[in-house]
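The structure under discussion appears below in the form of structure tokens.
The values are calculated or read from the model by the stated rules, or taken from the named source; none is laboratory data. Every value quoted in this text rests on a predicted model; they were computed, and no experiment measured them. Here the Cβ positions follow ideal geometry from the backbone for every residue, glycine too, while neighbour counts run over all protein chains shown.
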Amino acid sequence: MKSNYLRAAIVLGLLSAIGPFAIDMYLPALPSIGQSLGASMGTVQASLMVFFIALGVGQLVYGPASDLLGRKAPLYFSLVLFAFGSVGCALATDVQTLIALRFVQGLGASAGMVIPRAIVRDMHTGVEAARLMSMLMLVFSVSPILAPLAGSLLIESFGWRSVFWSVTAIAVVDLVILFTSMEETRPAAQREGSSVASALKAYGELMRDRHFLGLVFIGAFGMASFFSFLANSPFVMIDHYGLTPRQYSMAFAVNAASFIGVSQFTGKLAAKFGLIKLVKFAVTGYAAVMTGLLLQNLLGVDRLDVLIVMMLLGFGFLGLVVPTASVLALEAHGAIAGTASALMGTLQFLTGAIVMAVVGRFVDGSARPMVAGIALCSMASLAMVRLTLRAHK
């Protein structure tokens, strides 16, 4: 059983990681892309924001498509689209073209964000699903540890365009893995009731399900805080604190390692305390740490070591929030797991894009706007816990 869990986690994690790789390898390149293409910091950040928007919008299509056509066919299409967009980004000669092709690339990556979650729901529910989701995150989260470092090494040796050639190669590898190592988990018999009309009806039902939406936004605000960190940390750590791209990659990896490491206790903690108690505890801890970081910053403590330590602790709590909230949100929607997963992912990424845009309006070269955005998101997630799970002890 353990070997089956591990095999499924590796395959699904590799498919899920293509989008994060296209984000995390790209982060150290943001300042150099701006210099190369003569673009401002805000314009370069827009290329990251449109990628998140595409990740969110694309899931609305891929989720129902995976309920209707099976899980594998949409994944094949999306990986080819991702590779096309990546090649275009590598050849872009101006920032407007880069932004447009990053949107195409994001549409291709979005299937990897939604369909693996639906596959987990196809295979398991409850604590078993949480255990598999946390193992998937272990593979998935290798990206924020290795990708920024790999990206910085590529950028130093071959320039920022090499990042896009690299993720093109990753897409080809994923196509081979999909063909050779994954079986269809939604057979034809389960697709008979699926159609465009049924997908629209399902979206309507989900949008009226307050419990589902509450759980989605618990995770959405948690992820949005991490997205704010993704978008702003290269400029904060490289330009404000003076780190090199390689040093930034190491600092980023430390925070990601906390997220990954703690998430691996999700299955055991959920089995002992239950998913609801676990998500309440994790969100409360996350909000407390990030609010504390903001208060220190407001009191004049502007130190890199304090930022990294507090982020390390906070993202550890976040590592428990994301898988538990996702499993709880999908628990009652197995028949439309692809559609439910799609709406969840879309709302998460659109929330993240909005938060990045808002924080971007207040960028002043310091860490404060980023820290404030993270702290406010953590408090919003805590508010959603209180509203959604107050009746559960």
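Here are the numbers for this structure:
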quantity: Lone unmet requirement of (1) surrounded by 14 or more Cβ atoms within 10 Å (Cβ to Cβ); (2) at pLDDT below 90; (3) within 25 Å of the chain's Cα centre (by Cα); (4) in a helix (DSSP H, G or I) for Ser198; calculated: (3)
quantity: Verdict on Gln105 being modelled with pLDDT of 85 or more and either touching a strand residue (DSSP E or B) at 6+ places or on another chain (Cβ under 7 Å) or more than 23 Å from Val173 (Cα to Cα) (or both); calculated: no
quantity: Checking Gly242 against (1) at pLDDT 85 or above; (2) buried (at least 17 other Cβ atoms within 10 Å of the Cβ); (3) assigned to a loop (DSSP other than H, G, I, E, B), the condition it does not meet; calculated: (2)
quantity: Some residue of region 341-354 being over 19 Å from the mean Cα position of the chain (by Cα) and of a type in the set (Phe, Trp, Tyr); calculated: no
quantity: Subset tally (residues that are within 30 Å of Ile276 (Cα to Cα) and either buried (at least 20 other Cβ atoms within 10 Å of the Cβ) or modelled with pLDDT under 90 (or both)) for region 361-375; calculated: 5
quantity: Region 34-55, residues that are under 21 Å from the mean Cα position of the chain (by Cα) and either at pLDDT below 80 or hydrophobic (A, V, I, L, M, F, W, C) (or both); calculated: Val44, Gln45, Ala46, Leu48, Met49, Val50, Phe51, Phe52, Ile53, Ala54, Leu55
quantity: Any hit, region 68-86, residues being surrounded by 23 or more Cβ atoms within 10 Å (Cβ to Cβ), in a helix (DSSP H, G or I) and of a type in the set (Lys, Arg); calculated: no
quantity: Sole residue being assigned to a helix (DSSP H, G or I) and over 30 Å from Pro64 (Cβ atoms), chosen from Ala220, Ala224, Ala288; calculated: Ala288
quantity: Verdict on Ala100 being in a helix (DSSP H, G or I) and touching a Pro at 6+ places or on another chain (Cβ under 8 Å); calculated: no
quantity: Test: Ile145 is in contact with a helix residue (DSSP H, G or I) (Cβ under 8 Å, 6 or more places away or on another chain), farther than 23 Å from Leu269 by Cα, in a helix (DSSP H, G or I) and at pLDDT 90 or above; calculated: no
